[in-house]
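For reference, the structure is listed below as structure tokens.
The values are calculated or read from the model by the stated rules, or taken from the named source; none is laboratory data. This structure is a prediction, so every number in the text was calculated from the model and none was measured. Cβ placement follows ideal geometry from the backbone for every residue including glycine, while neighbour counts extend to all protein chains displayed.
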Amino acid sequence: MGSINGREQWSGRLGFILAAAGSAIGLGNIWRFPYSVAEGGGGLFVLIYLIFVLAIGLPVLLAELALGRTSQRNPVGAFKALIPGKFWPYVGGLGVTTGVGILAFYSVVAGWTVGYLGKAVSGELLQAQDGETSNAIFTEFVADPLWPILLCGLFLLLTLVVVRRGVSKGIERAATILMPALFVLLILLAIRAVSLPGGIDGFTYLFTPDWSKLSLNVVMGALGQALFSLSLGMGAMITFGSYMSKRENLWQSGIFVAIADTGIALLAGLIIFPALFFANADPSAGPGLVFVVLPTIFNQMPLGALFATAFFSLLAIAALTSTVSLLEVVVAYFVDEKGWTRNRAASFVSGICFALAVPSALAFGAVSGLSGGEDGILPFGLDFLTLNNNIWGNYSLSIGAFLICIAVGWVWGVPKLLAALEDGDDRRFPMPGAPVVGFLIKVVCPLAVLTVLIFIIVTGQYF
Ligand code: PHE
């Protein structure tokens, strides 16, 4: 780890890439992607998602990294330093708030992975021979009034410990070991899943667009998923970029992170959907999809319990490197802008997130009545966790990404963006496609996001 002007820095290019990939790769790829695909009807969702990753995700990722590295600040400070006008720091503020909003439901699902790790170790998952039993195990687990809260609290505590140790010591180390291990395990699981009876149907489902499924909600879901999965629209990549030195090539790092993240999501799809068709499970299983489907394929593998244990351990660590980046955004804000100590900020923010997470942790048990039936008080018949997932994970990130594009494309300006991307201490890193990225940031991305949002407001089809 190095430090410049007292601000921590990644130990080098690899440290940054692993940490940024660690932020991007998480439950978004393995839990949220498959279940959004299922809700969006399969291949069509995947196609739109891939287009958004390329046309919106990658340019916004580069823009966030450039803002962060140039300003060496948290999201609020970055806007204050680089973009003239009183309004812009509020965009950073929206990002910081979104960080809290996402952490408050993400940590609940992260807690579930730890619970499932326990079930894998104890052998309970071996009972999940078919979709139905597996579903019963999941439903009982999330309906418990205590465990989901305790596990979520435990997860936030782990996140707090890592963030308190500081960016590079805490985050880099976890990511270095995890990434390759997770990748290898996912490949093995995908091979097993695709070769199961019915596996090919899952493959077809994932890659054949059914145009009759096209709807505003599918487009919005795919946009939100592209941003969520790459950790964009709330300044996580501004914050991570701020710990980067001028020596590194932003182009290469950004492109690598986008490819790794998207590859892992597709791999997760290649595991879940073949397994789903094999287990005859319901594709509309909602947020429980992965937890219901996966145990059934572990039971089709030699050493299944071992695979299950390895999988849920790695998933929990992948989730941890993401929760760390979420918490880090908020902590960096309090440290840079309010002068708090890192310890104080991290403890305070994770405490708040825990309190806010309780209703989501109870969403499928004690407070499940809030969403359904005649006396449900939550809008759109959605449970509390799903509602938060949609509000913060789709809408807030999309609005954030739109505003970041306007700030960078129109106020900071494309020439400054491109110069920042090419900047290195002693060399320049030009890129042949640079003007295309400028055009995407300035015109295509904001226009596309705005069009989707306006259509949704006009038609009232929010979810
Ligand atoms: N990208 C992370 C994941 O896929 C989630 C995340 C979203 C992290 C936004 C930081 C900011 O799990």
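Can you name the number of the only condition in (1) without any contact (Cβ under 8 Å) to a residue 60 or more places away in the chain; (2) of a type in the set (S, T, N, Q); (3) buried (at least 21 other Cβ atoms within 10 Å of the Cβ) that THR70 fails?
(1)
On the given criteria, is ALA20 of a type in the set (A, V, I, L, M) and free of Cβ contacts under 8 Å to residues at least 40 places away in the same chain? Steps first, please.
Numbers: of a type in the set (A, V, I, L, M): yes; free of Cβ contacts under 8 Å to residues at least 40 places away in the same chain: no.
Criteria not met by ALA20.
Going through LEU94, LEU54, LEU44 one at a time, which residue ends up being within 14 Å of the ligand (Cβ to nearest atom), surrounded by fewer than 23 Cβ atoms within 10 Å (Cβ to Cβ) and over 16 Å from LYS246 (Cβ atoms)? Please lay out each step first, then the result.
Values: LEU54 fails: within 14 Å of the ligand (Cβ to nearest atom); LEU44 fails: within 14 Å of the ligand (Cβ to nearest atom).
Sole residue among the options that is within 14 Å of the ligand (Cβ to nearest atom), surrounded by fewer than 23 Cβ atoms within 10 Å (Cβ to Cβ) and over 16 Å from LYS246 (Cβ atoms): LEU94.
Can you give me the ranges of the helices (runs of 4 or more DSSP H) entirely in segment 163-264 with at least 3 residues that are away from the ligand (no atom under 16 Å from the Cβ) and modelled with pLDDT of 90 or more?
Numbers: elements: 173-194, 199-207, 216-229, 236-241.
Result: 173-194, 199-207, 216-229.
Which of (1) surrounded by fewer than 24 Cβ atoms within 10 Å (Cβ to Cβ); (2) under 12 Å from SER23 (Cβ atoms) is the odd one out, the single condition MET237 does not satisfy?
The failed condition is (1).
Can you tell me which residue among VAL358, VAL330 is within 13 Å of the ligand (Cβ to nearest atom), part of a helix (DSSP H, G or I), among the β-branched types (Val, Ile, Thr) and in contact (Cβ under 8 Å) with a residue 24 or more places away in the chain? Step through it out loud before you land on a result.
Working: VAL358 fails: within 13 Å of the ligand (Cβ to nearest atom).
Result of the check over VAL358, VAL330: VAL330.
When only residues in segment 397-448 that are β-branched (Val, Ile, Thr) and within 16 Å of the ligand (Cβ to nearest atom) count, which is surrounded by the fewest Cβ atoms within 10 Å (Cβ to Cβ)? Break it down into steps so the answer makes sense when it comes.
Within segment 397-448, the subset β-branched (Val, Ile, Thr) is 399, 404, 406, 408, 411, 414, 436-437, 441, 443-444.
Okay, now just the ones that are also within 16 Å of the ligand (Cβ to nearest atom), so 399, 404.
Working: ILE399: 18, ILE404: 31.
Among those residues, the one meeting the criterion is ILE399.
Specify the residue that is farthest from PRO180 (Cα to Cα); the eligible residues are those in segment 265-300 that are of a type in the set (Val, Ile, Thr) and at pLDDT 90 or above. Step through it out loud before you land on a result.
In the first step, residues of segment 265-300 are kept if they are of a type in the set (Val, Ile, Thr); the result is 271-272, 290, 292-293, 296-297.
Then keep just the ones that are at pLDDT 90 or above; that gives 271-272, 290, 292-293.
Details: ILE271: 17, ILE272: 20, VAL290: 21, VAL292: 25, VAL293: 24 Å.
My answer is VAL292.
Given VAL60, VAL37, which one is assigned to a helix (DSSP H, G or I), over 17 Å from LEU250 (Cβ atoms) and of a type in the set (Val, Ile, Thr)?
Details: VAL60 fails: over 17 Å from LEU250 (Cβ atoms).
Every option except VAL37 fails the conditions.
Yes/no per residue for (1) of a type in the set (Lys, Arg); (2) more than 16 Å from ALA401 (Cα to Cα); (3) in contact with a Pro (Cβ under 8 Å, 6 or more places away or on another chain); (4) within 16 Å of the ligand (Cβ to nearest atom):
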residue: ALA24; (1), (2), (3), (4): no, no, no, yes
residue: LEU27; (1), (2), (3), (4): no, yes, no, yes
residue: GLY40; (1), (2), (3), (4): no, yes, no, no
residue: ILE48; (1), (2), (3), (4): no, yes, no, no
residue: LEU61; (1), (2), (3), (4): no, no, no, yes
residue: ALA66; (1), (2), (3), (4): no, no, no, no
residue: ALA81; (1), (2), (3), (4): no, yes, no, no
residue: ILE102; (1), (2), (3), (4): no, no, no, yes
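Can you pull out every residue in segment 56-80 that is hydrophobic (A, V, I, L, M, F, W, C) and either over 18 Å from the mean Cα position of the chain (by Cα) or under 18 Å from GLY93 (Cα atoms) (or both)? I'd like the intermediate steps shown before the answer.
Initially, segment 56-80 is screened for residues hydrophobic (A, V, I, L, M, F, W, C), giving 56, 58, 60-63, 65-67, 76, 78-79.
If the condition is that a residue be hydrophobic (A, V, I, L, M, F, W, C) and either over 18 Å from the mean Cα position of the chain (by Cα) or under 18 Å from GLY93 (Cα atoms) (or both), then VAL60, ALA63, LEU65, ALA66, LEU67, VAL76, ALA78, PHE79 are the ones that fit.
Looking at VAL121, is it surrounded by fewer than 16 Cβ atoms within 10 Å (Cβ to Cβ) and in a helix (DSSP H, G or I)?
On the way: surrounded by fewer than 16 Cβ atoms within 10 Å (Cβ to Cβ): yes; in a helix (DSSP H, G or I): yes.
For VAL121, the condition - surrounded by fewer than 16 Cβ atoms within 10 Å (Cβ to Cβ) and in a helix (DSSP H, G or I) - is met.
Assuming PRO34 fulfils every condition listed in (1) under 17 Å from the mean Cα position of the chain (by Cα); (2) more than 16 Å from the ligand (Cβ to nearest atom) apart from one, which condition is it?
(2)
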